[in-house]
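Any read-out appearing in this document is the output of simple, stated calculations on the displayed coordinates, not a laboratory observation. Everything numeric here is computed off the predicted structure, so don't read it as measured data. Heads up, the Cβs are rebuilt from the backbone with ideal geometry, glycines too, and the neighbour counts pull from every protein chain shown.
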Amino acid sequence: MLLVFGLTAVFRTVSEGTFHCPQCGGDRAYRRRTGRRWFSVFFVPTVPLWRLGQAVECRTCRARLPVSTLRIPTAQQMAEALAAGMRAAAALVLRSGDPADAAARARAIATVTGYGEPAYDAAAVDADLVLRRTFLEQEVVQAGAHLAVEAKEWFLAQAVRIGLADGPLGEGERSALHGIADLLGMSRAYALGVIVTTEGAAR
Ligand SMILES: [Zn+2]
């Protein structure tokens with residue numbers, strides 16, 4: 001009788017979730033799979049051999065990718081970090097000026113909702129105003145980590161417009177804006193350029 005021997009790879013799913021697939025470029029469902037090589041007889045795995053390590057499989061394009069791919073933030077996570085960062089920047093700017101000013105608050109609400117947080121309202125502004133400075137600063141840093149240079153410029157310009165809503169920038173507001181630029185990783189000279197340009201455009 002003829003025996004057919006061979007080696008077969010058997011994979012099983014250890015976890016599932018959503019990741020950013022670098023292959024097909026988008027937020028996709030994935031399966032994290034672990035494999036083992038088996039000795040097979042008549043194509044039936046019979047004796048377990050060595051482990052094959054883990055891989056991430058995109059459910060859309062079927063690409064097998066290294067587990068480290070899961071560290072790439074999803075588009076959804078980036079959008080959330082950005083909205084949270086703008087929220088924090090708005091609170092820092094409002095606090096450095098007159099946080100009760102109606103025009104400045106309205107501008108903050110319009111800006112943050114524009115960054116994708118539709119539920120941000122007057123109550124949310126008040127809640128953010130009493131948050132710890134270090135927490136707010138951290139949120140700005142995290143948003144900045146996802147932004148290209150041009151997007152940082154836009155982000156800072158939005159914060160400047162919040163500061164300008166109640167009139168010309170005061171010393172406190174100016175210093176808060178430079179602080180935000182610094183958290184975004186912008187140089188002082190670059191930040192000054194963006195602030196002055198935005199002030200000029202608002203006149
Ligand atoms: Zn894919």
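Points worth noting:
- Note that the range 5-71 shows a convex hull volume over its alpha carbon atoms of 82 Å³ per residue.
- Rounded to the nearest Hz, the phi-derived 3J(HN,Hα) couplings of the range 169-182 under the Karplus curve 6.51 cos²θ - 1.76 cosθ + 1.60 (θ = phi - 60°) are 5, x, 4, x, 5, 4, 5, 5, 5, 5, x, 5, 4, 4, where x marks glycine and proline.
- Förster radius 22 Å - calculated FRET efficiency between THR34 and LEU3, Cβ distance, rounded to 0.05: 0.15
- Exposure proxy order (Cβ contacts within 10 Å, fewest to most) of TRP50, TRP38: TRP50, TRP38
- Point-to-point label distance, ARG188-SER175, nm (Cα→Cβ direction, 7 Å offset): 1.4
- Here the peptides 154-160, 192-198, 110-116, 90-96 are ranked by packing, the mean other Cβ count within 10 Å, and the order with the highest first is 90-96, 154-160, 110-116, 192-198.
- Within the range 1-22, backbone nitrogen closer than 20 Å to the virtual label 7 Å beyond the Cα of ARG64 toward Cβ: 6-17, 19-22
- Approximating the spin labels as points 7 Å out from Cα along Cα→Cβ, the ASP27-to-ARG51 distance works out to 3.2 nm.
- Over the chain, DSSP H runs of length four or greater, each weighted -39,500 (n - 2.57), average out per residue to a 222 nm ellipticity of -16000 deg cm²/dmol.
- Evaluated at q = 0.09, 0.22 Å⁻¹: base-10 log I(q)/I(0), Debye formula over Cα of the range 75-202: -0.20, -1.37
- Length-normalised contact order for the range 5-71 - Cα pairs under 8 Å, 6+ apart - percent: 31
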